[in-house]
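The values are calculated or read from the model by the stated rules, or taken from the named source; none is laboratory data. The model shown is predicted, which means the values in this text are computed figures rather than measured ones. All Cβ positions, glycine included, derive from the backbone under ideal geometry; neighbour counts span all protein chains shown. What goes into the accessible areas is simple: the full protein's heavy atoms, side chains included, and nothing from ligands, DNA or RNA. Shrake-Rupley method; radii C 1.70, N 1.55, O 1.52, S 1.80 Å.
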Amino acid sequence: MVRLITHNLLACHVRGCNSNNFPLQFQDVQIGLREAEFNPDFLRGFLPKIEWNALVDSARQLGDTSLPAEQPVMIDDDFLKTLHHVLLEIHVEEGAMVCPNCKHVYPISNGIPNMLLADHEIG
Amino acid sequence: MPSDVTTVSVSGNPDEYEDEHVHTVYDEIAGHFSSTRYKPWPIIAQFISSLPAGWVGLDSGTGNGKYLPLPLDRPGQLWTIGLDRSINLLRIAQTVGQKHREVVLGNVLDVPWRRGAFDYAISIATIHHLSTHERRKTAVKSLLQSISPDYGRALIYVWAMEQDSLSKRIIPGGQQTGETQVVTDKDKRGVDVFVPWVLKEPSSNRSNIPARHTSHQGTSPLTIMHESSAKAFNRFYHMFAAGELEQLVIEAAEDMNIQLGPKSTDSSINAGVSGIAVVQSGWERSNYYIELQRWRI
């Protein structure tokens with residue numbers, strides 16, 4: 001699957017593409033929503049490591065505008081449930097991710113992103 | 001002489017060699033292979049159990065994803081993302097443990113991530129499928145570059161020349177043993193072998209194999225027809241010698257310009273110095289393993 005938890009970690013790795021290579025931009029996506037178990041301990045621990053702006057922008061590309069532009073100071077259950085939905089319940093099934101810098105296209109098929117590169121593209 | 005394992009010498013382009021003797025094989029045998037791989041090894045389960053809630057990890061060479069559901073006693077407190085080169089194994093890993101998992105098609109030589117984005121990484125029974133020393137070192141470097149330079153933790157397992165007496169396999173040049181081997185020679189290298197996988201029935205996945213793989217004629221060692229219904233696939237392995245995995249880590253640290261050893265407590269050391277500590281290493285059930293932790297001052 002490509003959920004936003006994974007998307008927030010992926011970056012373009014084409015040879016020489018070292019800056020502005022994150023976050024990858026979604027293109028022509030089909031998404032599915034699936035309920036996942038809510039785990040507040042996980043979310044509280046993961047929160048400080050999220051690239052927040054990338055998460056907010058990417059969620060908007062997928063049509064979800066529920067996250068605040070700034071990470072809130074007070075972390076309550078309502079916020080964690082919103083975060084849970086955005087990170088773990090939106091599945092990108094088909095489409096692609098495009099590097100904002102070099103425009104390399106990483107296809108997504110049956111929920112699996114293809115991050116393989118040809119020999120000459122490898123960094 | 002057991003019919004099992006035979007030594008080979010690697011030749012040609014290593015990418016193509018691994019495509020033929022590793023990736024294509026796993027794509028063909030994925031279903032059968034997965035049905036035999038379900039039980040996590042104890043040291044790996046312990047390692048993952050020791051990690052705090054909220055950590056995100058990479059399983060580099062996840063195969064059928066059997067480590068993705070861990071820790072079983074507190075599910076959902078960690079997220080492990082599986083990377084593999086075999087799309088058919090990933091399709092199994094995608095729903096391992098009856099839940100949706102995060103999996104990525106990729107090469108363990110690459111770093112398709114924000115550098116240092118993961119809290120931990122494991123690479124279990126994977127690096128031994130790479131066909132040159134240089135590529136095995138690159139895989140270790142890629143793993144270390146994926147985890148936090150401040151505290152990231154890693155665990156690597158590879159197959160050993162020294163096989164458990166309970167193991168069914170006998171490795172040419174290896175020893176049967178029940179104990180950890182003493183490191184004797186830092187330049188000691190393991191042995192390159194084919195380990196066959198016999199499919200009793202024709203694979204249902206054959207139509208997924210790209211044409212260029214099926215176009216090999218008689219000379220290809222990829223498949224050998226045994227009987228009308230059984231087929232043997234030769235998987236490439238580099239069986240590690242004692243001390244060789246540690247040596248790979250030493251060379252990877254050198255290449256990355258980071259110190260190897262425990263975090264320095266010397267206050268005269270400049271800020272920004274980084275290193276990697278060996279938490280534990282050893283031999284378990286026919287495998288060598290090493291656990292590492294990155295640190296930065």
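Can you pull out every residue in the stretch A:1-33 that is in contact with a His (Cβ under 8 Å, 6 or more places away or on another chain), surrounded by fewer than 14 Cβ atoms within 10 Å (Cβ to Cβ) and of a type outside the set (D, E, K, R)? Scanning the stretch A:1-33 gives A:G32, A:L33.
Candidates B:K137, B:K141: the one that is closer than 24 Å to B:I43 by Cα, assigned to a helix (DSSP H, G or I) and within 14 Å of another protein chain (Cβ to nearest Cβ) is B:K141.
Where residues in the stretch A:50-85 are of a type in the set (A, V, I, L, M) and within 14 Å of another protein chain (Cβ to nearest Cβ), which of them is farthest from B:P75 (Cα to Cα)?
Within the stretch A:50-85, the subset of a type in the set (A, V, I, L, M) is A:50, A:54-56, A:59, A:62, A:67, A:69, A:73-75, A:80, A:83.
Adding the requirement that they be within 14 Å of another protein chain (Cβ to nearest Cβ) leaves A:50, A:54-55, A:75, A:80, A:83.
Numbers: A:I50: 21, A:A54: 27, A:L55: 24, A:I75: 22, A:L80: 18, A:L83: 18 Å.
For the stretch A:50-85, the residue satisfying everything is A:A54.
Among the residues of the stretch B:1-32, the one identified as more than 19 Å from B:V108 (Cβ to Cβ), of a type in the set (D, E) and at pLDDT 85 or above is B:E28.
Looking across the stretch B:140-197 at every residue that is open to solvent by 60 Å² or more (accessible area, probe 1.4 Å) and at pLDDT 60 or above, the one that is farthest from B:N287 (Cα to Cα) is identified as B:D150. Residues considered: A:M1, A:M74. Of these, the only one that is under 25 Å from B:L90 (Cβ atoms) and at pLDDT below 95 is A:M1. What residue, of B:Y26, B:Y17, is touching a Leu at 6+ places or on another chain (Cβ under 7 Å), assigned to a helix (DSSP H, G or I) and away from chain A (no Cβ under 12 Å)? One residue alone meets the criteria, B:Y26. Look at (1) more than 25 Å from B:S131 (Cα to Cα); (2) away from every other protein chain (no Cβ under 14 Å); (3) open to solvent by less than 40 Å² (accessible area, probe 1.4 Å) and you find that B:P42 fails only one, number (3). Just one of the listed residues (B:L89, B:L109) is within 28 Å of B:N13 (Cβ to Cβ), within 12 Å of another protein chain (Cβ to nearest Cβ) and either part of a loop (DSSP other than H, G, I, E, B) or free of Cβ contacts under 8 Å to residues at least 12 places away in the same chain (or both), namely B:L109.
Condition check ((1) within 26 Å of B:R115 (Cβ to Cβ); (2) touching a strand residue (DSSP E or B) at 6+ places or on another chain (Cβ under 8 Å)) across all residues:
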| site | (1), (2) |
| --- | --- |
| A:N53 | yes, no |
| A:G63 | no, yes |
| A:Q71 | yes, no |
| A:V105 | yes, yes |
| A:L117 | yes, yes |
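I need the full set of residues from the stretch B:68-86 which are assigned to a strand (DSSP E or B) and either more than 10 Å from chain A (Cβ to nearest Cβ) or in contact with a Ser or Thr (Cβ under 6 Å, 6 or more places away or on another chain) (or both), in order please.
Step one: list which residues in the stretch B:68-86 are assigned to a strand (DSSP E or B), which gives B:79-84.
Passing the criteria: B:T80, B:I81, B:G82, B:L83, B:D84.
Check whether at least one residue in the stretch B:125-134 is crowded, with 24+ Cβ neighbours inside 10 Å, within 12 Å of chain A (Cβ to nearest Cβ), among the hydrophobic types (A, V, I, L, M, F, W, C) and within 21 Å of B:P40 (Cβ to Cβ), and report yes or no. Within the stretch B:125-134, not a single residue is crowded, with 24+ Cβ neighbours inside 10 Å, within 12 Å of chain A (Cβ to nearest Cβ), among the hydrophobic types (A, V, I, L, M, F, W, C) and within 21 Å of B:P40 (Cβ to Cβ). When A:L43, A:L47 are checked against the criterion of being more than 24 Å from A:N21 (Cβ to Cβ), touching a residue at least 12 places away in the same chain (Cβ under 8 Å), within 12 Å of chain B (Cβ to nearest Cβ) and open to solvent by less than 20 Å² (accessible area, probe 1.4 Å), A:L43 stands alone in meeting it.
To keep it simple, each residue is scored yes or no on (1) outside any helix (DSSP H, G or I); (2) touching a Pro at 6+ places or on another chain (Cβ under 6 Å); (3) among the polar types (S, T, N, Q).
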site: B:V249; (1), (2), (3): no, no, no
site: B:E254; (1), (2), (3): no, no, no
site: B:A271; (1), (2), (3): yes, no, no
site: B:G275; (1), (2), (3): yes, no, no
site: B:Q280; (1), (2), (3): yes, no, yes
site: B:Y289; (1), (2), (3): yes, no, no
site: B:L292; (1), (2), (3): yes, no, no
